[in-house]
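Worksheet for the structure shown next.
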Amino acid sequence: MPIVAPSILSADFGRLADEVRAVTDAGADWIHVDVMDGHFVPPITIGPLVVEAIRRATHLPLDVHLMIETPEKHVAEFVRAGANGVTIHVEADGDVHAGLAAIRAAGARPGLALNPPTPLARVQPFLGLIDLLLVMSVNPGWGGQPFVEGSMEKLTAARETRRAAGARFLIEVDGGIKTHNATEAAASGADVLVAGSAIFESPDYPATIRALRG
Ligand code: DX5
Ligand code: ZN
């Protein structure tokens, strides 16, 4: 069964702690936290202070997705704030090796993300350093976008790449995951399903999380 990680980007930020408690009680496995800096992607979302607040609201692992430039300068701060896993983008300016090493040194699980147009070959040099590979199935920046065509095939290619490398990282998919395509995403290779609008715009969080799990 896939791990289900609600993305709080689509939660009601005025009631963020309640929303985090609600998805925790609804059976979520992880909480996915989208950090955007206005440079790597146009929007600005949240920083370590909000991660700290989320940390106080749940015992679940916090899966922090950094859509920011020079992530190596910031990763330790997010781990101190309570992140269990921190994912950086292979396309970000800065030093990917240093970023992944800093996450590990800070005591969290390093993850590496790639955008829909980025070929899997770009992450090849880092496969021995990561605990999670995040295959973006929308261009990052906003919740509620449609699933990008070809992402199922990319998940399968990622699984094959992992096998060929003899690696054990988890494969996560993020963007446009709904109850109608979750089962196919998991069958295609995703171990972790991120879902924002599918969960937070639904009237019944437990039922939606169950349906996503398949
Ligand atoms: C997009 C974020 C996603 C987003 C997913 O940049 O990384 O985590 O919240 O939202 P949905 O599930 O609505 O596509
Ligand atoms: Zn995300």
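The values are calculated or read from the model by the stated rules, or taken from the named source; none is laboratory data. On a predicted model such as this, the values are computed, not experimentally measured, just so you know. Just so you know, the surface numbers come from the protein's heavy atoms only, side chains and all, with ligands and any DNA or RNA stripped out. Shrake-Rupley method; radii C 1.70, N 1.55, O 1.52, S 1.80 Å.
Observations on the structure shown:
- Amide H to amide H distances under 5 Å link L134 with L112, A113, L114, E172, where only residues 5 or more positions off or on other chains count and H is placed in the peptide plane.
- Using the rule -39500 (n - 2.57) for each DSSP H run of four or more residues, divided by the residues of the chain, the 222 nm mean residue ellipticity is -9500 deg cm²/dmol.
- Taking the stretch 34-120 and dividing mean pair separation by its residue count, relative contact order in percent (alpha carbons under 8 Å, at least six apart): 25 percent
- Relative contact order (%) - the chain, alpha-carbon pairs under 8 angstrom, separation at least six: 21 percent
- Fraction of accessible area attributable to carbon and sulfur, the stretch 16-165 (%, probe 1.4 Å): 54 percent
- Distance from the C-alpha centroid of the stretch 1-25 to that of the stretch 28-57: 12 Å, rounded to the whole angstrom.
- Per residue, the chain exposes an accessible area of 42 Å² to a 1.4 Å probe, with every protein chain left in place.
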